[in-house]
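Here the structure comes first, spelled out in structure tokens, and everything after it is commentary.
Taken together, the values in this text are just the output of simple stated rules run on the coordinates, not laboratory data. Keep in mind it's a predicted model, so treat the numbers as computed, not measured. Cβ atoms come from the backbone with ideal geometry, glycine included; neighbour counts cover every protein chain shown.
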Amino acid sequence: MSDLINARDAALRARAEKVVPSGMWGHLHAVKLPEAYPQFFARGEGGVVWDVDGNRYVDFMCSWGPNLLGHHHPEVEEAAERQRRLGDCLNGPGEVMVELAEMLVDTIAHADWALFQKNGTDATTTCVTVARAATAKRKVLVAKGAYHGAVPWCSPSLVGVTAEDRAHLIYYIFNDIESLENAVKEAGDDMAAIVVSAYRHDLGFDQELPTEDFAKAARRLADSKNAALILDEVRAGFRLYTAGSWEPLGVRPDLSAWSKAIANGYALSAVTGSDWLRKAASQVFVTGSFWAGAVAMAAALATLKVVRRDDVPAKVSYLGQMLRDGLETRSRQFGVSIRQSGPAQMPTVLFDDDADFAKGSAFCRAALAKGVYFHPKHNMFLCASHTEADIAEALVAAEHGFAAVSASGDSS
């Protein structure tokens with residue numbers, strides 16, 4: 001695939017511009033990606049997607065995370081279709097809601113109960129609301145640059161946001177214990193929660209795994225103020241460790257927010273919590289017309305069964321490490337200096353001396369033309385349906401990407 005066909009995509013963008021502000025929204029707007037990246041897609045199968053012009057790509061964005069097992073995973077689709085025939089949006093939840101809550105409580109180490117929503121933003125916001133209700137306090141600590149959703153209290157954009165929307169947020173630096181301690185002091189006796197990502201995945205920066213000392217400090221400091229430790233698992237959940245991303249660190253949160261991979265592409269999110277927050281969780285008013293949708297819950301139940309049975313995090317980690325090792329070898333062959341960070345299941349690949357991401361964009365454009373969908377500055381995702389053949393294809397495409405960077409004459 002040397003030249004991408006994009007006539008239909010271009011036509012759809014032109015139509016969208018007339019009826020959708022900016023033609024798209026948020027991080028899904030392809031204008032923010034290198035030239036020739038498609039915005040509209042026709043279908044997906046396993047770890048591969050096709051755009052509306054019929055171009056095929058080995059996909060390392062996986063729908064920006066939700067595709068954990070692979071598009072059209074047969075067990076998930078069978079469960080979803082079986083529930084769809086019975087009903088989806090009814091007068092109340094289906095029996096599957098109880099089954100899914102039981103499965104989450106049995107799977108997630110800290111969980112004594114579960115509530116369900118639709119988006120990651122719903123889940124993080126519900127966590128904060130529950131923490132404030134339980135503690136009768138207001139201050140919430142969040143890491144500088146962290147992404148926890150797209151509503152005024154946490155949106156990365158200040159457009160349409162007032163100072164009052166964030167009046168009770170206090171910022172600390174991820175993995176910096178001293179800065180976290182200072183934020184706790186600033187909150188005083190009004191601290192409701194510490195919100196922390198499973199690992200640092202800020203856009204355009206090297207990813208950073210939490211240190212054990214930092215995780216334990218977050219737990220200790222939350223306890224010292226009788227506040228809730230909230231772990232944002234929206235992006236990482238069920239890709240790193242099945243029982244919770246901080247289990248290997250020996251730290252359990254009070255509340256966790258889940259979404260993306262939880263239902264393998266069906267719209268669902270969840271909050272899991274500890275018993276001391278059960279009463280507050282039963283009293284807060286958080287709801288949505290479609291939050292009890294049974295089809296997504298059936299898909300999630302099937303997804304979790306596969307995750308547990310097949311040890312999906314380990315499989316995806318193996319494939320991710322194969323990709324990482326291959327990229328490192330080939331970058332050296334072409335004399336191109338790269339930085340790979342974060343967990344192998346969710347890699348970020350950045351180029352040295354590339355503040356404007358020009359090298360990353362050149363690499364991604366060349367790889368895209370060879371049928372592989374990388375991202376120049378966002379963390380990527382692997383899924384359980386990726387194969388060793390997919391990784392091999394991706395590495396061949398990467399050679400073209402590294403060659404493009406090298407040919408630019410600035411590969412240092």
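Can you grab the distance from the C-alpha centre of region 72-146 to the C-alpha centre of region 337-385, Å, no decimals? Centre-to-centre distance over Cα atoms comes out at 31 Å. Put simply, the amide H of ALA193, placed in the peptide plane, has neighbours under 5 Å in LEU141, ALA228, leaving out anything fewer than 5 places away on its chain. Taking 22 Å as the straight-line reach from the Cα of LYS139, the lysines in range (excluding those fewer than 8 positions away in the same chain) are LYS185, LYS216, LYS225, LYS279. For LYS359, the lysines whose Cα comes closer than 20 Å to its Cα, not counting residues fewer than 8 places off in the same chain, are LYS32, LYS370, LYS377.
In terms of its Cα atoms, region 74-310 spans 54, 36, 35 Å along the principal axes, sorted from long to short. Here the scattering of the chain is modelled by Debye summation over its C-alpha atoms, one equal scatterer each and no solvent; at q = 0.13 Å⁻¹ the log10 of I(q)/I(0) is -1.18.
Tilt of helix 7-19 relative to the longest C-alpha principal axis of the chain, in degrees (0 to 90, nearest 10)? The angle comes out at about 40 degrees. Helix 95-107 axis versus longest C-alpha principal axis of the chain: approximately 90°, rounded to the nearest ten. Applying Stokes-Einstein at 4 °C and 1.567 mPa s to the Kirkwood radius of region 1-111, computed over alpha-carbon pairs, gives a translational diffusion coefficient of 75 µm² s⁻¹.
If you place +1 on the Cβ of every Lys and Arg, -1 on the Cβ of every Asp and Glu, and leave all else neutral, what size is the dipole of the chain about its Cα centre, to the nearest 20 Debye? Each step should come with its number before you reach the end.
Values: 41 positive and 51 negative charges, 139 e Å.
Using only the charged Cβ atoms, the result is roughly 660 debye.
Karplus-derived 3J(HN,Hα) values for region 171-179, using 6.51 cos²θ - 1.76 cosθ + 1.60 with θ = phi - 60°, are 9, 9, 9, 4, 6, 9, 5, 4, 5 Hz; glycine and proline are entered as x. A cut-off under 11 angstrom between Cβ atoms defines the neighbours of VAL140, and their net charge, with Lys, Arg +1 and Asp, Glu -1, is +4. So what is log10(I(q)/I(0)) for region 1-65 at q = 0.21 1/Å, when the Debye sum runs over its Cα atoms only? Each listed q maps to, in turn, -0.93. Amide H contacts of PHE351 (H built 1.01 Å from N, in plane; Pro and chain starts excluded): ARG339, GLY360 sit under 5 Å, all sequence-distant by 5 or more or on other chains.
Go ahead and estimate [θ] at 222 nm for the chain from helices alone: -39,500 (n - 2.57) per DSSP H run with n ≥ 4, summed, over the residue count, rounded to 500. Numbers along the way, then the final one.
Values: 11 runs with 156 residues, N = 412.
Roughly -12000 deg cm²/dmol at 222 nm, from the helical runs in the chain.
Look at THR124, THR348 and count the other Cβ atoms within 10 Å of each Cβ; fewest to most, that gives THR348, THR124. Listing LYS144, LYS359 from the residue with the fewest other Cβ atoms within 10 Å to the one with the most, what is the order? Placing the least packed residue first, the sequence is LYS144, LYS359. What lysines could a cross-link reach from LYS315, if we take a straight Cα to Cα line under 21 Å and drop same-chain neighbours fewer than 8 places away? By straight Cα distance, LYS315 reaches LYS260, LYS305. Each of VAL161, VAL251 has some number of other Cβ atoms within 10 Å of its Cβ, and from fewest to most they run VAL161, VAL251.
For the pair region 1-64 and region 198-268, the centres of their Cα atoms are 31 angstrom apart. Take every DSSP beta bridge with both residues inside region 129-280 and express the antiparallel ones as a percent of the total, to the nearest 5. Around 25 percent of the beta bridges assigned by DSSP in region 129-280 are antiparallel ones.
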